[in-house]
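A.B. asks: I'd like to ask you about the structure that follows.
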Amino acid sequence: MRLLILGGTSFVGRAIVADALQSGAEVTLFGRGKTGADLFPDVPRRIGDRDSGDYAALQDGSWDAVVDVSGYVPRHVRQAMETLDDRVDRYLFISSHAVYVDEAGPGNDESTPRRPPERDTEKLDQDTYGRCKVACEDDVVGRYGSRATIVRSGKVAGPHDTQDTFTYWVRRAACGGRVALPGEPEQPVQVIDVRDLARLVVQLLFDERGGAFNAVGPAQPSTLAELIHTCAAAAGTQVELVPIPADTVPRLFPLVRPAWSTQQRSADKARGAGLPATPLHTTAADVLAWDRLRGQPPLRCGLSPADEEKLLREHSGSR
């Protein structure tokens, strides 16, 4: 199978490339050539820039499928489809569970109502991100029909994660002791190992499956408290969770969500199509090893040790 991957050297794309190569696929990468330039030295690269609309490097060639990892706004997807047209047999778009409305109940699946599409902005924030992804999905299905595959991922975790949200809890739990938790311990939480997501994507392509698939994990339901304790167990430490008021920390604290149904999606369809189930303990252990190997640089989210200690002193009696 000949695969073209639009953005394959960061986190999710990197895992997809690795899985595809291991599965025997012939891979071509398209991107700016700035991230992960030393990765996959034997894989052909086409250099371009989606932000500026530079797809000249894709004017020739044909592929069995394209995996669009880096399409965030409708223009990205529209220009890619206009350039590739029928020189690709299948278009697989990496979307997000942010396309769904928040009001869905537990166990919601791919039939859950989506947000209204957004086509008039390229500014991505909490309100527009999911709606832009909806528009991208619609455009892919509109052009490729049954040859369109949509993978709606939840929170992705694993080595080389660029968002830090799961890494924050892995690193914090590894330190042990009293841990400030600005959320409900019983809140459900879903994270999917990036390698499971990659395996699903490649399997869908080999099986030529169309339609939408929720890529969420882990296989067994987990609460936020259980996730943190699992991270501690992977590090060989013990933690004591200390609830603190949510309004004392930045909004969108790592993995804390007010709408619990967004963390209770059904992955039954994806599991039936080949989505694996890496244990959460394994994901945590692998992230911890990777984080330590890279020298544990400052994280972009969560609490600093000093800020956490201050909050623990102020709210140790909070419930």
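A.B. asks: Run the dipole for segment 1-156 about the Cα centre, Lys and Arg Cβ at +1, Asp and Glu Cβ at -1, nothing else charged, and hand back the magnitude in debye, nearest 20.
C.D. replies: 160 debye
A.B. asks: May I pose another question? What is the spin-label model distance, in nm, from Phe206 to Lys310 if the labels are put 7 Å beyond Cα along the C-beta direction?
C.D. replies: Between Phe206 and Lys310, the simple spin-label model gives 5.3 nm.
A.B. asks: Moving to a separate point now. Using per-residue counts of other Cβ atoms within 10 Å, averaged over each peptide, order 108-115, 173-180 from highest down.
C.D. replies: The peptides rank, most packed first, as 173-180, 108-115.
A.B. asks: Quick one: which of Lys123/Lys310; Lys34/Lys133; Lys123/Lys269; Lys155/Lys269 span more than 26 angstrom between C-alpha atoms?
C.D. replies: From Lys123/Lys310; Lys34/Lys133; Lys123/Lys269; Lys155/Lys269, over 26 Å: Lys123/Lys310; Lys123/Lys269.
A.B. asks: What FRET efficiency would be calculated for the residue pair Ala259, Asp64, taking the C-beta separation as r and a Förster radius of 45 Å, to the nearest 0.05?
C.D. replies: 0.70
A.B. asks: I'd like the FRET efficiency for Ala219 and Asp127, computed as 1/(1 + (r/R0)^6) with the beta carbon distance as r and R0 of 25 Å, rounded to 0.05.
C.D. replies: FRET efficiency, Ala219 to Asp127: 0.20.
A.B. asks: Next question, about the same structure. To one decimal place, what orientation-averaged projected area in nm² is obtained for the convex hull of the Cα set of segment 6-95?
C.D. replies: 5.4 nm²
A.B. asks: Separate question: Report, by chain and number, residues whose modeled amide H sits under 5 Å from the one on Arg46, excluding near sequence neighbours (fewer than 5 apart, same chain).
C.D. replies: Those lying under 5 Å, H to H, from Arg46 are Leu29, Phe30, Gly31.
A.B. asks: For Lys269, Lys123, write out the residues from largest to smallest accessible area, computed with a 1.4 angstrom probe and no ligands counted.
C.D. replies: Largest to smallest exposure gives the sequence Lys123, Lys269.
A.B. asks: So how much slack lies between Ser146 and Asp120, counting 0.36 nm per residue of separation and subtracting their Cα-Cα distance, in nm?
C.D. replies: 6.7 nm
A.B. asks: What value, in deg cm²/dmol to 500, does the helix sum -39500 (n - 2.57) over DSSP H runs of n ≥ 4 give at 222 nm once divided by the residues of the chain?
C.D. replies: So the helix-based figure for the chain works out to -10000 deg cm²/dmol.
A.B. asks: Just reorder Arg50, Arg131 by solvent-accessible area, largest first, 1.4 Å probe, all chains present.
C.D. replies: Listed by decreasing accessible area, they come as Arg131, Arg50.
A.B. asks: At a Förster distance of 25 Å, what's the computed FRET efficiency of Asp51 paired with Asp86, Cβ-Cβ distance as r, to 0.05?
C.D. replies: 0.50
A.B. asks: Could I ask something else about it? Tell me whether segment 126-180 comes out rounded, prolate or oblate; compute the Cα gyration tensor, take square roots of the eigenvalues as a ≥ b ≥ c, and use a/c under 1.5 as the rounded threshold.
C.D. replies: Here segment 126-180 falls in the prolate category.
A.B. asks: OK, next. Report the Cα-based extents of segment 145-246 along its three principal axes, largest first, to the nearest Å.
C.D. replies: Extents along the principal axes, in whole Å: 51, 25, 23.
A.B. asks: Follow-up question, since we're still on this one. Leaving out ligands, DNA and RNA, and with a 1.4 Å probe, what % of the accessible surface on the chain is carbon or sulfur?
C.D. replies: Solvent-exposed carbon and sulfur of the chain make up 49 percent of the total.
A.B. asks: No solvent, one uniform scatterer per C-alpha: report log10 I(q)/I(0) for segment 181-319 via the Debye equation at q = 0.09, 0.17 1/Å, two decimals.
C.D. replies: -0.34, -1.06
A.B. asks: Would you work out which of Tyr55, Gly274, Leu29 lies farthest towards the positive end of the dipole of the chain, given +1 charges on the beta-carbon of Lys and Arg and -1 on that of Asp and Glu, about the Cα centre?
C.D. replies: Selected residue: Leu29.
A.B. asks: Rounding to the nearest 10 and keeping the result within 0 to 90°, find how far the Cα-based axis of helix 224-235 lies from the longest principal axis of the chain.
C.D. replies: Taking Cα atoms only, the helix is inclined about 90 degrees.
A.B. asks: Can you pull the three principal axis extents for the Cα set of segment 266-319, in Å, largest first?
C.D. replies: 48, 34, 19
A.B. asks: Project the alpha carbons of segment 35-156 onto their principal axes and report the range along each, largest first, in whole Å.
C.D. replies: For segment 35-156, the Cα spread along each principal axis is 46, 30, 29 Å.
A.B. asks: Taking the chain as the reference, fit the longest principal axis to its C-alpha atoms, fit the long axis of helix 12-22 to the helix C-alpha atoms, and give the angle between the two in degrees, 0 to 90, nearest 10.
C.D. replies: 60 degrees
A.B. asks: Order the following by accessible area, largest value first: Tyr129, Tyr55. Probe radius 1.4 Å; ligands, DNA and RNA are ignored.
C.D. replies: Per-residue accessible area, sorted high to low, gives Tyr129, Tyr55.
A.B. asks: Moving on to the next point. For segment 236-282, rounded, prolate or oblate, judged on the Cα gyration tensor with a ≥ b ≥ c (square roots of eigenvalues), a/c < 1.5 rounded, else prolate if a/b > b/c?
C.D. replies: Cα axes put segment 236-282 in the oblate bin.
A.B. asks: Suppose the Debye formula is applied to equal point scatterers at every Cα of the chain; what is log10 I(q)/I(0) at q = 0.11 Å⁻¹?
C.D. replies: The Debye formula, applied to the Cα set alone, gives -0.70.
A.B. asks: Can you give me the long-range amide H partners of Val156? Hydrogens built in the peptide plane at 1.01 Å from N, cutoff under 5 Å, separation of 5 or more residues or another chain.
C.D. replies: Amide H neighbours of Val156: Ile192.
The values are calculated or read from the model by the stated rules, or taken from the named source; none is laboratory data. Computed from a predicted structure; not experimentally measured. When we count neighbours, we look across all protein chains shown, and the Cβ atoms used for this are built from the backbone with ideal geometry, even at glycine. Note: accessible area is taken over every heavy atom of the protein model, side chains too, but ligands, DNA and RNA are not part of it. Shrake-Rupley method; radii C 1.70, N 1.55, O 1.52, S 1.80 Å.
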